[in-house]
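Taking it in order: structure first as structure tokens, then the write-up.
Bear in mind that the values in this text are calculations on the coordinates, not laboratory data. From a predicted model like this one, the values you see are computed outputs, not experimental measurements. When we count neighbours, we look across all protein chains shown, and the Cβ atoms used for this are built from the backbone with ideal geometry, even at glycine.
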Amino acid sequence: MTAAIARKVRAKAVTTLAEARIAPLPPGRRSAELFTHGSLEARFYAPRGSDPQTPHTRDEVYVVVSGKGQFFRDGTRTPFGPGDLIFVAAGAEHRFENFTDDLEVWVMFYGPEGGETQAA
């Protein structure tokens with residue numbers, strides 16, 4: 001993504017699903033960056049075949065656009081489908097498993113490195 005395109009993407013109020021589907025993947029990344037503001041980073045992820053994710057350093061939320069399968073997080077598998085919201089705390093082992101070929105998700109990273117702490 002060129003610097004001019006990146007500035008335009010970061011400034012947009014609405015990013016369409018059609019735009020997300022054709023957004024370029026940066027070298028070494030499996031998701032396309034669509035928007036940033038403060039600590040918020042919005043991406044689009046559409047794995048095919050398998051999901052080789054490793055734990056991330058910030059908290060993360062997925063919103064399932066299409067597809068279904070199972071989500072593995074810290075030893076637990078939970079079914080998911082379109083419209084579902086999935087939360088993953090920083091450092092948690094997680095991945096999509098047994099998913100359909102049409103899996104597409106919005107991904108939002110936010111907060112500080114190491115994740116936010118839960119109020120007591």
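Largest GNM mean-square fluctuation across THR15, THR57, THR76, computed for the chain with C-alpha springs under 10 Å, falls on THR76. Charged side chains reduced to their Cβ positions (Lys and Arg at +1, Asp and Glu at -1) give the chain a dipole of some 420 debye around its Cα centre. Averaging the sequence gap over all C-alpha pairs within less than 8 Å and six or more residues apart, then dividing by the number of residues, gives the chain a relative contact order of 27 percent.
Simple rule: put +1 on each Lys or Arg Cβ and -1 on each Asp or Glu Cβ in the chain, find the dipole, and look at PHE44, PRO24, HIS94; the Cα lying farthest toward the positive end is PRO24. Each label point was placed 7 Å from the Cα along the Cα-to-Cβ direction; for THR54 and ASP84 their separation is 2.6 nm. Here's the picture: a label point sits 7 Å out from the Cα of VAL14 along the beta-carbon direction, and within the range 72-89 the residues with their amide nitrogen under 20 Å of it are 83. The helix-only estimate of mean residue ellipticity at 222 nm for the chain, built from DSSP H runs of length n ≥ 4 each weighted as -39500 (n - 2.57), is -3000 deg cm²/dmol after division by the residue total. Toward the positive end of the charge dipole of the chain, with +1 on the Cβ of Lys and Arg and -1 on the Cβ of Asp and Glu, the farthest Cα among HIS56, GLY75, ALA13 is that of ALA13.
Residues in the range 50-55 carry Karplus couplings, in order, of 9, 10, x, 4, 10, x Hz; the curve used is 6.51 cos²θ - 1.76 cosθ + 1.60 with θ = phi - 60°, and Gly or Pro positions show x. In the chain the longest region clear of trypsin sites (Lys or Arg not before Pro) that are loop-assigned by DSSP and have at most 16 other C-beta atoms within 10 Å covers 69-120. Sequence-ordered 3J(HN,Hα) estimates for the range 83-93 from the Karplus curve with 6.51, -1.76 and 1.60 and θ = phi - 60° stand at x, 6, 10, 10, 9, 9, 6, 3, x, 7, 5 Hz, glycine and proline given as x. A Gaussian network model of the chain, with springs between Cα atoms under 10 Å, assigns the largest mean-square fluctuation among VAL61, VAL105, VAL14 to VAL14.
Under the rule a/c < 1.5 gives rounded, and otherwise a/b versus b/c splits prolate from oblate, where does the chain land using the Cα gyration tensor? Judged from the Cα gyration tensor, the chain comes out oblate (a/c at least 1.5, b/c at or above a/b).
Restricting the range 55-97 to GluC sites (Glu not before Pro) that sit in a DSSP loop and have at most 14 other Cβ atoms within 10 Å of their own Cβ leaves GLU93. Highest mobility in the GNM of the chain, judged by mean-square fluctuation with C-alpha springs under 10 Å and restricted to ALA89, ALA13, ALA32, is found for ALA13.
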